[in-house]
Amino acid sequence: MQNKGYPAEWLYQLKQRNNIVSIISKYVRLEKKGNKYWACCPFHNEKTPSFAVSEDEGFYYCFGCKESGDVISFIMKYESCDFAEAVEILAKNAGMEVPEFVGDKEIIEKKKLKERILKLLDAAYKHYQENLYLPVAKPAQDYIKKRNFTRHELEDFKMGYAVDWNEMINYLRNKGFTYKEMVEAGVARHNDRKREEYIKTNDQPQDSKNIELQENAAKESLIDKNDKTNVSIEEEPKEVSGDYYDVMGKRLVFPIFNSLNECIGFSARVLGDSDYAKYKNTAETLVFQKGRVVFGINLVKALKQKGGLDKIIIVEGQIDVIAMHRAGFKSTVACMGTALTKENAHELKKLSNNVVLCFDGDTAGVKATLRSIDILKDEGFNVTIVSLPDKHDPDEVLKEYGKDYLSNLINNALPITDYLLQYEQKNYDLSKPDEKGKFTVAALGHIAKLRSNSEEEPYLDKVRDLTNIPIDVLRRDLQKIKGGQASKSDKNITDNVLISRENGNIKAIKFILSSLIYKKDFVDKNIDYKKLLPRYVDIIEKTYENIPISSYFDYFDVDQTPILKDCIGMNFEEYKGMGKRYFDECLWSLAKQELENKKAELAKKADESRDLSEKAKIMQEVVNVNKSLKERKMEDFYVRQ
């Protein structure tokens with residue numbers, strides 16, 4: 001039997017050989033209490049542990065955010081990988097050979113392509129590294145000396161050099177990779193000028209044999225016309241020869257790794273004077289999505305696993321990351337460009353709750369900081385912000401002012417509201433009444449986002465000191481702003497309450513299904529649960545099998561089945577000593593509803609009937625249903641022998 005592309009028995013063995021407590025302990029600090037292990041949830045921000053891991057049953061459940069899963073699910077969510085990748089990680093950990101994946105043809109092809117791309121990128125970055133030490137790499141070596149990069153930094157960040165436009169293409173071809181795979185990986189691009197020359201020189205009538213030869217050549221040398229990278233035609237190097245060229249040609253190359261330490265793309269810096277852009281990144285590929293990439297995340301993850309991570313520092317560029325690491329700020333990362341995304345924040349949240357924004361001290365850096373604040377707040381980070389000297393980046397600050405100066409800035413980084421008030425203060429001339437009023441409105445808007453009066457008061461005092469506006473006036477204006485914000489969200493709040501409200505029997509259904517899943521002693525074995533709960537036949541049938549709780553995550557998409565997720569996370573401690581009584585009440589609650597529905601249908605049928613003898617039979621059935629309701633009889637739902 002295949003299960004999610006792998007034999008069910010093999011998946012069971014995989015989980016048995018990857019103890020869920022041991023695996024999760026590598027990422028989260030667990031503490032045993034009773035028969036479970038507890039921690040603060042790695043998937044949402046909390047101060048009191050609500051993330052429970054059951055070693056016996058092989059699954060976890062968060063009573064706060066409702067995340068749940070088995071050891072495979074945990075790896076998928078924590079490492080941001082798909083099912084097959086999580087399986088491979090765990091198989092490697094257990095020393096198990098992964099069987100051939102059997103599933104949807106499209107998924108299989110995508111999986112194979114992804115594996116080839118990663119293999120190609122792994123070969124490419126290692127070859128770029130080798131090139132860096134060749135005599136021909138002198139431009140890169142001179143730049144490295146100018147930047148004072150050490151051998152240790154070169155190794156940590158795997159820096160390399162693309163010696164020309166064709167050398168890497170030839171190397172990868174000799175390694176057995178196709179041009180199409182190079183393009184798919186973002187390493188190569190087709191020479192459009194060569195395409196134009198090819199078309200011009202082959203636009204005369206030809207015999208069928210020549211046409212066939214031309215078509216075969218095209219298959220090998222030309223990519224599909226719709227297959228484009230992010231490199232524009234204007235950027236295409238004029239000195240390129242051959243049908244394909246190395247996108248990173250003649251640049252210092254920075255491999256980009258994901259949290260699994262896999263090379264997924266490149267960023268490269270031009271050396272010397274050039275008409276081209278200073279930095280070039282890999283185009284979007286199957287494995288490289290710019291909005292999800294965090295440069296240096298693999299090193300920060302390794303730092304956390306060694307227990308040395310208390311905060312993450314975010315800067316703008318790769319050079320800044322390297323400079324920060326050299327100065328001892330090992331928890332520094334950068335996003336691809338200054339635009340931090342929700343996906344970036346989600347990745348970083350798995351490593352730390354604390355973030356320091358340290359963007360450049362220019363207009364673009366300030367704008368990037370302002371954009372990043374709400375994204376990080378929504379993800380639940382504790383955010384502080386460094387204001388660098390005007391027009392300086394971290395690398396320049398370190399060179400000009402030194403490590404201690406920057407360390408002091410980071411240690412005294414401003415909380416969000418302090419930074420925003422400081423920012424607003426720079427935008428207005430407080431000596432002018434109209435400017436002072438605009439500043440006050442902007443400042444109160446930021447203060448209104450705080451969660452409590454005790455948090456608001458110090459900032460109201462600060463605004464009063466800056467503007468000389470009486471504190472009682474500021475408080476009244478603040479309440480007006482907060483009232484306006486609240487009224488806008490009133491409808492959303494009401495809608496959410498209505499959407500999340502459970503009908504009276506949902507709790508009963510959950511408790512019965514949970515009791516079946518956990519095989520509780522008080523379960524009444526006389527009941528036909530598939531008849532009582534026809535909507536949940538698939539789940540009920542699995543409860544009759546002798547499978548561990550963790551196997552439910554193999555057979556069902558638990559994340560997309562909220563009721564099953566809640567059932568797996570049922571806390572039976574709340575029903576200690578009265579489980580049997582509550583179970584029987586739940587059974588009767590559902591049975592009563594079914595009987596009342598049946599009674600209503602019979603009454604309608606009787607009203608519509610014109611046959612007196614048929615009407616009499618129906619009414620007798622109504623009498624029997626009434627008797628069952630009065631005496632709380634469950635016979636209608638017994639298993640038929």
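The values are calculated or read from the model by the stated rules, or taken from the named source; none is laboratory data. Given the structure is predicted, the values throughout are model-derived calculations rather than measurements. FYI the Cβ positions are ideal-geometry reconstructions off the backbone, even for glycines, and counts take in every protein chain you see.
So how many residues does the range 20-70 have that are closer than 21 Å to E347 by Cβ, touching a helix residue (DSSP H, G or I) at 6+ places or on another chain (Cβ under 8 Å) and among the acidic types (D, E)?
Result for the range 20-70: 1.
Looking at (1) within 23 Å of the chain's Cα centre (by Cα); (2) free of Cβ contacts under 8 Å to residues at least 40 places away in the same chain; (3) under 19 Å from K449 (Cβ atoms), can you tell me which one S331 breaks?
Condition (3) is where S331 drops out.
So that you can scan it fast, the table gives a plain yes or no per residue for (1) surrounded by 17 or more Cβ atoms within 10 Å (Cβ to Cβ); (2) in a helix (DSSP H, G or I):
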residue: T48; (1), (2): no, no
residue: A52; (1), (2): yes, no
residue: I72; (1), (2): yes, yes
residue: I75; (1), (2): yes, yes
residue: Y78; (1), (2): yes, yes
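Out of the residues in the range 341-369 meeting the condition of being touching a residue at least 60 places away in the same chain (Cβ under 8 Å) and in contact with a strand residue (DSSP E or B) (Cβ under 6 Å, 6 or more places away or on another chain), tell me which one is surrounded by the most Cβ atoms within 10 Å (Cβ to Cβ).
E347
Going by what's in this entry, would V537 be described as at pLDDT below 85 and aliphatic (A, V, I, L, M)?
Criteria not met by V537.
Tell me which helices (runs of 4 or more DSSP H) are completely within the range 501-578 and hold 1 or more residues being acidic (D, E) and in contact with a Lys or Arg (Cβ under 7 Å, 6 or more places away or on another chain), or say none if there are none.
Passing ranges, in order: 552-555, 562-568.
Is there any pair linking a residue in the range 601-627 that is touching a residue at least 24 places away in the same chain (Cβ under 8 Å) and assigned by TED's automatic domain parsing to the domain that holds A591 to one that is of a type in the set (A, V, I, L, M) and part of a helix (DSSP H, G or I), with Cβ under 8 Å and at least six apart or on different chains, and which?
What qualifies is V625/L595; V625/L602.
So in the range 273-304, with the set limited to residues that are of a type outside the set (D, E, K, R) and closer than 19 Å to E181 by Cβ, which one is surrounded by the most Cβ atoms within 10 Å (Cβ to Cβ)?
T282
State whether the residues of the range 419-433 include one that is out of contact with any Ser or Thr (no Cβ under 6 Å at 6 or more places or on another chain), of a type in the set (D, E, K, R) and under 27 Å from I319 (Cα atoms).
Looking for residues that are out of contact with any Ser or Thr (no Cβ under 6 Å at 6 or more places or on another chain), of a type in the set (D, E, K, R) and under 27 Å from I319 (Cα atoms), one finds none in the range 419-433, hence no.
Scan the range 444-462 and give yes if some residue there is part of a helix (DSSP H, G or I), closer than 17 Å to K367 by Cα and basic (K, R), otherwise no.
no
Output the residue which, of all residues in the range 105-142 that are crowded, with 16+ Cβ neighbours inside 10 Å and in contact with a strand residue (DSSP E or B) (Cβ under 7 Å, 6 or more places away or on another chain), is nearest to G272 (Cα to Cα).
A140
Rundown of residues vs (1) under 36 Å from the mean Cα position of the chain (by Cα); (2) within 26 Å of E343 (Cα to Cα), yes/no style:
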site	(1), (2)
V383	yes, yes
D390	yes, no
K403	yes, no
N412	yes, no
T440	no, no
K449	yes, yes
V463	no, no
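Could you tell me whether any residue of the range 418-437 is touching a Leu at 6+ places or on another chain (Cβ under 7 Å) and farther than 30 Å from T332 by Cβ?
Within the range 418-437 (the criterion being touching a Leu at 6+ places or on another chain (Cβ under 7 Å) and farther than 30 Å from T332 by Cβ), the answer is yes, since at least one residue qualifies.
Within the range 18-43, can you find the residues that are surrounded by fewer than 13 Cβ atoms within 10 Å (Cβ to Cβ) and under 23 Å from I547 (Cα atoms)?
Once the filter is applied, which keeps residues that are surrounded by fewer than 13 Cβ atoms within 10 Å (Cβ to Cβ) and under 23 Å from I547 (Cα atoms), the range 18-43 yields S22, N35.
Taking the condition of being touching a Leu at 6+ places or on another chain (Cβ under 6 Å) and of a type in the set (S, T, N, Q), how many residues in the range 359-383 meet it?
2
Identify the residue in the range 1-30 that is among the hydrophobic types (A, V, I, L, M, F, W, C) and assigned to a helix (DSSP H, G or I) and, among all such residues, is farthest from I107 (Cα to Cα).
Applying the filter and picking the extreme gives V21.
Quick one: S387 ticks every box in (1) among the small types (G, A, S); (2) buried (at least 21 other Cβ atoms within 10 Å of the Cβ); (3) in a loop (DSSP other than H, G, I, E, B) except a single one, so which number is it?
(2)
Please determine whether any residue of the range 99-107 is within 20 Å of Y179 (Cβ to Cβ) and either modelled with pLDDT under 95 or more than 24 Å from the chain's Cα centre (by Cα) (or both).
No: the range 99-107 contains no residue that is within 20 Å of Y179 (Cβ to Cβ) and either modelled with pLDDT under 95 or more than 24 Å from the chain's Cα centre (by Cα) (or both).
Among the residues of the range 244-265, which ones are over 21 Å from the mean Cα position of the chain (by Cα) and among the aromatic types (F, W, Y)?
Y244, Y245, F254
Grab the helices (runs of 4 or more DSSP H) fully contained in the range 250-357, keeping just those with 2 or more residues being modelled with pLDDT of 90 or more and touching a His at 6+ places or on another chain (Cβ under 9 Å).
none
Which residue pairs have Cβ atoms under 8 Å apart, sit 6 or more places apart or on different chains, and have a first residue in the range 441-465 that is of a type in the set (D, E, K, R) and a second that is part of a helix (DSSP H, G or I) and surrounded by fewer than 16 Cβ atoms within 10 Å (Cβ to Cβ)?
Going by the 8 Å Cβ cut-off, the qualifying pairs are D461/I471; R464/I471.
So for the range 153-174 (the condition being among the hydroxyl-bearing types (S, T, Y) and assigned to a helix (DSSP H, G or I)), does at least one residue qualify?
So far as the range 153-174 goes, yes, one or more of its residues are among the hydroxyl-bearing types (S, T, Y) and assigned to a helix (DSSP H, G or I).
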